[in-house]
1. Taking region A:1-60 on its own, how many of its residues are closer than 20 Å to A:LEU279 by Cα and touching a Lys or Arg at 6+ places or on another chain (Cβ under 7 Å)?
2. Scan region B:130-159 for residues that are in contact with a Phe, Trp or Tyr (Cβ under 9 Å, 6 or more places away or on another chain) and open to solvent by less than 30 Å² (accessible area, probe 1.4 Å) and report the count.
3. Hey, can you tell me all the residues within region A:18-58 that are within 13 Å of another protein chain (Cβ to nearest Cβ) and among the small types (Gly, Ala, Ser)?
4. Say whether the condition of being touching a helix residue (DSSP H, G or I) at 6+ places or on another chain (Cβ under 8 Å) and in a loop (DSSP other than H, G, I, E, B) is met by at least one residue in region A:168-177.
5. Within region A:232-250, is even one residue surrounded by 24 or more Cβ atoms within 10 Å (Cβ to Cβ), modelled with pLDDT of 95 or more and in a strand (DSSP E or B)?
6. Go through region B:73-93 and give me each residue that's buried (at least 22 other Cβ atoms within 10 Å of the Cβ) and either touching a strand residue (DSSP E or B) at 6+ places or on another chain (Cβ under 7 Å) or over 27 Å from B:SER12 (Cα atoms) (or both).
7. Tell me which of these A:GLU266 doesn't satisfy, since it passes every other one: (1) in contact with a His (Cβ under 7 Å, 6 or more places away or on another chain); (2) open to solvent by 10 Å² or more (accessible area, probe 1.4 Å); (3) within 14 Å of chain B (Cβ to nearest Cβ); (4) in contact (Cβ under 8 Å) with a residue 24 or more places away in the chain.
8. State yes or no: is B:ALA80 of a type in the set (A, V, I, L, M) and facing chain A (nearest Cβ under 9 Å)?
Amino acid sequence: MATETHHRFGAFGGQYVPETLIPALDELDAAFAQAIRDPEFQRELDRLLKEYVGRPSPLSTAPRLSQAVGCDVYLKREDLNHTGAHKINSALAQALLAQRMGKRRIIAETGAGQHGVATATVCARFGLDCTVYMGEEDMRRQELNVYRMRLMGAKVVPVLSGTRTLKDATSEAIRDWVTNVNDSYYIIGSVVGPAPYPRMVRDFQSVIGREAKAQMLETAGRAPSSVVACVGGGSNAMGIFHAFVPDLAVELVGVEAAGRGLDSGEHSASLQRGVPGVLHGSLSYLLQDESGQVHPAHSISAGLDYPGVGPEHSYLKETGRALYVSVTDDEAVEGLGMLGRLEGIIPALETSHAVAWVVKEKERWNKGDAVLICISGRGDKDLAQITEMGLLPA
Amino acid sequence: MASPPATTSSNSITRRFDALKKESRRALVCYVTAGHPDVGRSLETLRALEDGGADIIELGVPFSDPIADGPVIQASSQQALEKGMTYDGVLALLERAKPRVPVVLFSYLNPILAAGPDALTRAADAGASGILVTDIPVGADPAREEWLGASPLAFIRLVAPTTPGARMAEIARHGSGFVYLISRLGVTGVQQTTAASLPETIQRLRSTTTLPICVGFGISTPEQARSVGKLADGVVVGSALVSAAEHGPEDVLKLTRSLREALDD
């Protein structure tokens, strides 16, 4: 079985980018390798994760949800981080890296706006110039996050091309980077893009799983039997999976967005319905038509609305180490309401997919199971959208 | 179906450069997007490029997510895709057009991969002489680069202003036909000025390779073509011709002729 190499996970990953970016990726690769070996970088990152982000994030027991599904459910609370999602873990670390590299201009793409907000936040904290690309459709769906970014001094650029969502925002961010590569650092929001991004973002997000592993032992006195996370690009999932990958007794489950149904053609389930292809710099499962054109994704949640997926997820799928499943838009909305009613926690629509799958699959859980769900973000940003759609209970 | 030997097609690019060299002329390389604005007018556009004096035609295979392209080529790709253009459609167009000048397919990797293992021999059979892939830099994927390099098509590689000298040599060594030098940082599109660093970049590249050097990205006017033509073996004009194709073949013919005259001055 092929394994992780410098640029790849098995056959997946790579650096499929215009030549102009190769020296910049080499430079990033070297700076990242040097930074993670530098105890001073790690100390500074740990200090900021503690005093600014609020880490470690708690592990919550979920007594009423546990009762509802018939096993013990634990929640890793990334929603309690500063800015309300896991995205800040990587944005903060990358901003530190950008400063080490002497880059003062930051570019980012965003779907749901959580990564854009996290990037705008750390740029404000460090006094960096920040430009965020966001699909026009997503700007409408996630208006609150657009205000937050602008309030913190970021420039939010609407992207009008293609599907006007995360895919096109990512393309536009790459175009900006190609043009301004000498003075700009591109903070990618997920475990996607050309090497070294997928590995680097995973490493910066892996704090989620390291903490959760220790917290499970402390709280439950055991390892989880299953770890469940939603997958769009897949950064919160890789973040919580990574520490558990070597523990073969721990089942890893990634929940994709089935949108209006896997057979509707309107979903974001790249791993279940895609085939390997090249988009945004890496080879990975991709929603595409038979002539290699990228097929637009659909999900009620802007953060999962992406036709590709991080290459390491493709690898975990092919090796069978992780299981990939999906829930529909409607099920996700139900999951959101359920966690609210049962535990007093309103998760993001993205996160709600993971919750909804655990609820939907309750016949597969046995009494002794311990299911750990990554609560990757909070749901405040989604309330306007689901109210508008008439999906909130009266 | 047995595919005929296509061993001479990639040499047609080399032959064209040899002929130009004897006459001390520069190559005019013209990019258009296949199927833009539609198949019928795309055929007329190709004819206009030939009639206007193009030496090599770069025929763009439209892709849904062209990260190296600016707004003009993005829009033309989108339009071609909406009209149903595919990789096979590009080859069919090429077979119908039968241009008298060498044609280089200009593509992103994904449509080529999706077209299957015989994609390159089929392109050669349809009359293509070369292939240029924007998102497979040297060393990124040795197996697929070998596939591209061993096909009957010349494999044209790109050099960027950011490429260090040692890597330039590596790129040139893995390419054939000519080297495509990206004139400046950024995506394709019309620019008012050419990069100040261009003469120095061409000189650095020249010292690493004997392949002809063609400069593209941002060249749109006869004046720009003339000044870049003084430094390089050829110039590539893209977005300006795509905009002209939007208006019709007469505009394409007019622009191509004026570029030709400026280059031959």
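1. 1
2. Taking region B:130-159 and keeping what is in contact with a Phe, Trp or Tyr (Cβ under 9 Å, 6 or more places away or on another chain), we get B:130-137, B:140-141, B:145, B:148-149, B:154, B:156-159.
Imposing the further condition that a residue be open to solvent by less than 30 Å² (accessible area, probe 1.4 Å) reduces the set to B:130-137, B:140-141, B:145, B:148, B:154, B:156-159.
Total meeting the criteria: 17.
3. Matches in region A:18-58: A:ALA24 only.
4. No: zero hits.
5. No.
6. Of everything in region B:73-93, those that are buried (at least 22 other Cβ atoms within 10 Å of the Cβ) and either touching a strand residue (DSSP E or B) at 6+ places or on another chain (Cβ under 7 Å) or over 27 Å from B:SER12 (Cα atoms) (or both) turn out to be B:ILE73, B:GLN74, B:SER76, B:SER77, B:ALA80, B:VAL90.
7. The failed condition is (3).
8. Working: of a type in the set (A, V, I, L, M): yes; facing chain A (nearest Cβ under 9 Å): no.
Here the answer is no, as B:ALA80 does not meet what is asked.
The values are calculated or read from the model by the stated rules, or taken from the named source; none is laboratory data. Bear in mind that the values here come from a model prediction, so they are computed numbers and not experimental data. Counting neighbours? That spans all protein chains shown, and the Cβs are built from the backbone with ideal geometry, glycine included. Ligands, DNA and RNA are excluded from the accessible area calculation, which covers all protein heavy atoms including side chains. Shrake-Rupley method; radii C 1.70, N 1.55, O 1.52, S 1.80 Å.
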